[in-house]
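Participant: The structure's right below; bear with me while I get my questions together.
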Amino acid sequence: MTVSFRRAPDFNRRADLIEAALDCIAELGIQGTTVRAVAAHAGVSNGLIRHHFASKDNLMVEAYRRTIEIITGPPLAIVETEGSAHEKLRRFILASISGPVADPRVLSLWATFISQVPINPAFAEVHRDKYLAYRRACDVLIGEVLAAEGRNPGASERQRLSIALNAVIDGLWLEGCLSAEEIDERLQAEIGIKAIERLLDIKLGR
């Protein structure tokens, strides 16, 4: 369905155009998504899209950046909130596998984009920056939790644990999105919390 945008500041219009591109990508794939298709979906001219992004390639990179922000934004926001280290880690896990990030459409977009990462340097840069930020957050939270437990792992051990934690979360996220009819958010959360408790040898509470 074609959407007519209200007049808005450039940064809002740019965000609207990225969302329109995501809608087209979800329906048509990257190859099928053209500047013309995005313009028609957004109810704007081709020229407006080229004004904001210069090319389809630039628009696709920004659409991928937005997809990763949808996935990592909610958990990363937890790091800056108040609360005990254990409670923050618990909420970080839940935000990584449930809510907006668990939408099957988000998984579909991610799967479409991830195939481009090995062959497109611009996509690879976005991937590296966003996932390193997520991994750093895992490292920080693990360090805080283990310090509260009276443990002081070195940098290499925290790195190992953050890679493992990220892998567990990624697996649960994929399983939850692909098996939504069999795994509800309550069960997914329970499995996620217990798995991380075992990984770190801690108790996060319920």
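The values are calculated or read from the model by the stated rules, or taken from the named source; none is laboratory data. Small disclaimer: the values here were computed from a predicted structure and weren't measured. We place every Cβ from the backbone using ideal geometry, glycine too, and count neighbours over all the protein chains shown.
Participant: Please state which one of SER108, SER96 is small (Gly, Ala, Ser) and touching a Phe, Trp or Tyr at 6+ places or on another chain (Cβ under 9 Å). Walk me through how you get there before you give the answer.
Facilitator: Values: SER108 fails: touching a Phe, Trp or Tyr at 6+ places or on another chain (Cβ under 9 Å).
None of the other options fit; the residue is SER96.
Participant: Another question, if that's okay. Take the conditions touching a residue at least 60 places away in the same chain (Cβ under 8 Å) and exposed (fewer than 12 other Cβ atoms within 10 Å of the Cβ) and apply them to GLY205. Does it pass?
Facilitator: On the way: touching a residue at least 60 places away in the same chain (Cβ under 8 Å): yes; exposed (fewer than 12 other Cβ atoms within 10 Å of the Cβ): yes.
Yes.
Participant: While we're on this one: Residues to consider are VAL168, VAL117; find the one that is aliphatic (A, V, I, L, M), within 22 Å of GLY73 (Cα to Cα) and surrounded by 18 or more Cβ atoms within 10 Å (Cβ to Cβ). Explain how you work it out, then say what you get.
Facilitator: Values: VAL117 fails: surrounded by 18 or more Cβ atoms within 10 Å (Cβ to Cβ).
Matching residue, one of VAL168, VAL117: VAL168.
Participant: Separate question: State whether one or more residues within region 52-65 are free of Cβ contacts under 8 Å to residues at least 12 places away in the same chain, exposed (fewer than 14 other Cβ atoms within 10 Å of the Cβ), of a type in the set (A, V, I, L, M, F, W, C) and closer than 30 Å to LEU28 by Cβ.
Facilitator: Checking region 52-65: at least one residue is free of Cβ contacts under 8 Å to residues at least 12 places away in the same chain, exposed (fewer than 14 other Cβ atoms within 10 Å of the Cβ), of a type in the set (A, V, I, L, M, F, W, C) and closer than 30 Å to LEU28 by Cβ.
Participant: Just the residues that are farther than 21 Å from LEU174 by Cα and within 19 Å of the chain's Cα centre (by Cα), please, taken from region 79-96. Spell out the reasoning first.
Facilitator: If we filter region 79-96 for residues that are farther than 21 Å from LEU174 by Cα, which is where we start, we get 79-88.
Matches in region 79-96: VAL79, GLU80, THR81, LYS88.
Participant: Can you find, within region 80-98, the residue that is nearest to ARG186 (Cα to Cα) among those that are touching a residue at least 40 places away in the same chain (Cβ under 8 Å) and either loosely packed, with under 15 Cβ neighbours inside 10 Å or among the β-branched types (Val, Ile, Thr) (or both)? Working first, answer last.
Facilitator: Initial filter on region 80-98 (touching a residue at least 40 places away in the same chain (Cβ under 8 Å)): 84-90, 92-94, 96-98.
Filter once more, keeping what is either loosely packed, with under 15 Cβ neighbours inside 10 Å or among the β-branched types (Val, Ile, Thr) (or both): 84, 93, 97.
Numbers: SER84: 22, ILE93: 13, ILE97: 11 Å.
Looking at residues that are touching a residue at least 40 places away in the same chain (Cβ under 8 Å) and either loosely packed, with under 15 Cβ neighbours inside 10 Å or among the β-branched types (Val, Ile, Thr) (or both), I get ILE97.
Each row is one residue, and each column tells you yes or no for (1) at pLDDT 90 or above; (2) out of contact with any Ser or Thr (no Cβ under 6 Å at 6 or more places or on another chain).
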| position | (1), (2) |
| --- | --- |
| VAL106 | yes, yes |
| ASP139 | yes, no |
| ASP170 | yes, yes |
| ALA180 | no, yes |
